[in-house]
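First the structure, in the form of structure tokens, and then the observations on it.
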Amino acid sequence: MNNKVTRNLYLFPYALWIVLFVVAPLLLVIYYSFFDIEGHFSLVNYKTFFTAVYLKMTLSSFWYAFLITVISLIIAYPTAYLLTKTKHKQLWLLLIIVPSWINLLLKAYAFLGIFGTKGIANSFLEAIGIGSKQILFTDFSFVFVSVYIFIPFMILPIFNALNELNPTLLDAANDLGASKWITFRRVIFPLTIDGVKAGCQVVFIPALSLFMLTRLIAGNRVITLGTAIEQQFLVTQDWGMGSTIAVFLILIMFLIISLTGNRKRGV
Amino acid sequence: MVYKLEQRITPLSRIYLVLIFFILYAPIFFLVFYSFNSGGTMYNFKSFTLDWYKELFQDSRLLIIVLNTLVIALVSSLFATIIGTLGALGIHSIRKRQTKNTLLSLNNVLIVSPDVIIGASFLILFTMAGIKLGMYSVLLSHIAFSIPIVVLMVLPKLSEMSPTLIDAARDLGASQWNVLTKVILPFITPGIFAGFFMALTYSLDDFAVTFFVTGNGFTTLSVEIYSLARRGISLNINALSALLFLFTLVLVVVYYFISHRNRPGRWGGKK
């Protein structure tokens, strides 16, 4: 009996947190999505969401998030693989992670200088004879900077998965005559798929919602779901419409989580 | 024998790794480099100067913002660590599998949710509850989004702990309180510290949530950097980023020692 009392004592503040900051906000977002800008109950926001403008925006947001995830994965997988082969792999991994601890906005700000009209990227382009181009405020710069920001988050779970791979399995594959490619396709990749899924999850969901990058780097050329939510909440002040977009973003989030399986701890 | 060769890194893959490291670090060093430019732009390095740093230290408004950010981070991490640790203890003591899983899923909602959703929904929450947007709303939000990560850092430590330890303590006549303070807490301390550090970095790094829930007159560093950067380039930000980079390195080294002492081979990532 006594045990139960202490347990409930432990759980009380935590449960209070769950109710106030996890359940209540979600319900409030759903509740608000049913009100129009004048505060009347209506389904007008959902109707608006299913118009061409919003559907197109959702699709393009998806497309960019997909591009960012795939490019990050293509760059991150070999990196993680090679990292596991280095001598001081934990130290190298740490060095990969350090940039992710630098404030995201500072990194975005750095690219304002690098990609600027007179920036270092353009002087390079001029030096090799291509001539200076408009790099900043294009969708290219948005994808590039996003990939740059997300790479460490993609590397980390893949590295952990590769690190846990039993090396004798590779020996076995080798002994049985599998080529390197077959070993990778049939042994290494399937065994590290959880890491890949976790990585895709940590990249795809934020990539749908980064609004500061679209504002700073893409110059409003790219509108993601996150940009739209921020716009509705803080600029237009139409919380109902903002909540409706948020509801869809939450639905997409749950869909992706169920697709990519449960996230492992601490990633 | 064949595998001995495979363990080696080929020159080509070494180049690949060097390239990745270069790309990851170049923008940061680029920022730091131009913080010494007397020219005032992020191209055309004129001559070396420390003026931007001087200006930074004379900007009392900015110093107050730095102070705000640090206070919010420390206080929110402290509260989050206490509530999160209690939560982890509670979750650990639950025997029913289903209840446990439900709690864990609820715990993870804020970790996977995009910042925009957290920010927007907290904005609605605070407005409905009549809490004025400003320091307290920011503090509450930071506590709220840091709690789940603390739980996730403490829980594995609790499951690592053998239940016989507690049985032994009980048999030897320890009270509930003694079991908690003399057996359980010392055992899970590394997890608690790791959780505290993660909460600290979550709070220091947060931009989107703070951006939504802050009101007039209260800003944190991230929000300030955003509004400065939207206005264009000013080398004050470069000087600031150089200092923050140093600070981050110190934090990383501390975290490295804490987590390496306890749990080799695992790193907590950040969103």
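The values are calculated or read from the model by the stated rules, or taken from the named source; none is laboratory data. Keep in mind that this is a model prediction, so the values were computed, not measured. Neighbour counts are summed over all protein chains in view; Cβ atoms, including those assigned to glycine, are modelled from backbone coordinates with ideal geometry. To get the accessible areas, we keep the full protein, side chains included, count just its heavy atoms, and leave off ligands, DNA and RNA. Shrake-Rupley method; radii C 1.70, N 1.55, O 1.52, S 1.80 Å.
Scanning the range B:144-175 for residues that are more than 14 Å from B:T85 (Cβ to Cβ), within 33 Å of the chain's Cα centre (by Cα) and in a helix (DSSP H, G or I) yields B:A144, B:F145, B:S159, B:E160, B:P163, B:L165, B:I166. Residues that are at the interface with chain B (Cβ under 10 Å from one of its Cβ atoms), crowded, with 17+ Cβ neighbours inside 10 Å and not hydrophobic (A, V, I, L, M, F, W, C): does the range A:124-146 have at least one? Among the residues of the range A:124-146, not one is at the interface with chain B (Cβ under 10 Å from one of its Cβ atoms), crowded, with 17+ Cβ neighbours inside 10 Å and not hydrophobic (A, V, I, L, M, F, W, C), which makes the answer no. When you look at B:V252, is it farther than 19 Å from B:L67 by Cβ, at the interface with chain A (Cβ under 8 Å from one of its Cβ atoms), open to solvent by less than 20 Å² (accessible area, probe 1.4 Å) and without any contact (Cβ under 8 Å) to a residue 40 or more places away in the chain, yes or no? Considered against the rule, which asks whether it is farther than 19 Å from B:L67 by Cβ, at the interface with chain A (Cβ under 8 Å from one of its Cβ atoms), open to solvent by less than 20 Å² (accessible area, probe 1.4 Å) and without any contact (Cβ under 8 Å) to a residue 40 or more places away in the chain, B:V252 comes out as yes.
Exactly one residue among A:I223, A:I245, A:I252 is more than 8 Å from chain B (Cβ to nearest Cβ) and open to solvent by 60 Å² or more (accessible area, probe 1.4 Å), and that residue is A:I223.
Taken together, the residues in the range A:169-192 that are surrounded by 14 or more Cβ atoms within 10 Å (Cβ to Cβ) and aliphatic (A, V, I, L, M) amount to 6. Would you check if B:F45 is more than 21 Å from the chain's Cα centre (by Cα), farther than 22 Å from B:T201 by Cα, open to solvent by 50 Å² or more (accessible area, probe 1.4 Å) and more than 14 Å from chain A (Cβ to nearest Cβ)? So B:F45 fails the test. Of the helices (runs of 4 or more DSSP H) entirely within the range A:1-108, those holding at least 3 residues that are open to solvent by 60 Å² or more (accessible area, probe 1.4 Å) and more than 16 Å from A:L249 (Cβ to Cβ) occupy A:2-17, A:52-85, A:89-101. Residue count for the range B:180-200 satisfying the condition of being under 15 Å from the mean Cα position of the chain (by Cα) and open to solvent by less than 50 Å² (accessible area, probe 1.4 Å): 9. Sort out for me the helices (runs of 4 or more DSSP H) sitting completely within the range A:194-267 that have 3 or more residues that are modelled with pLDDT under 90. Per the criteria, A:211-216, A:239-260. Among the residues of the range A:190-226, those that are of a type in the set (A, V, I, L, M) and within 15 Å of A:V145 (Cβ to Cβ) comprise A:V203, A:A207, A:L210, A:M212, A:L213, A:L216, A:I217, A:A218, A:V222. Criterion first (in the same structural domain as A:I96 (by TED's automatic domain parsing), open to solvent by 20 Å² or more (accessible area, probe 1.4 Å) and touching a Leu at 6+ places or on another chain (Cβ under 9 Å)) does A:K197 satisfy it? When the stated conditions are applied, A:K197 passes them.
When restricted to residues that are open to solvent by 80 Å² or more (accessible area, probe 1.4 Å) and either under 10 Å from B:V150 (Cα atoms) or in a helix (DSSP H, G or I) (or both), the range B:77-100 contains 5.
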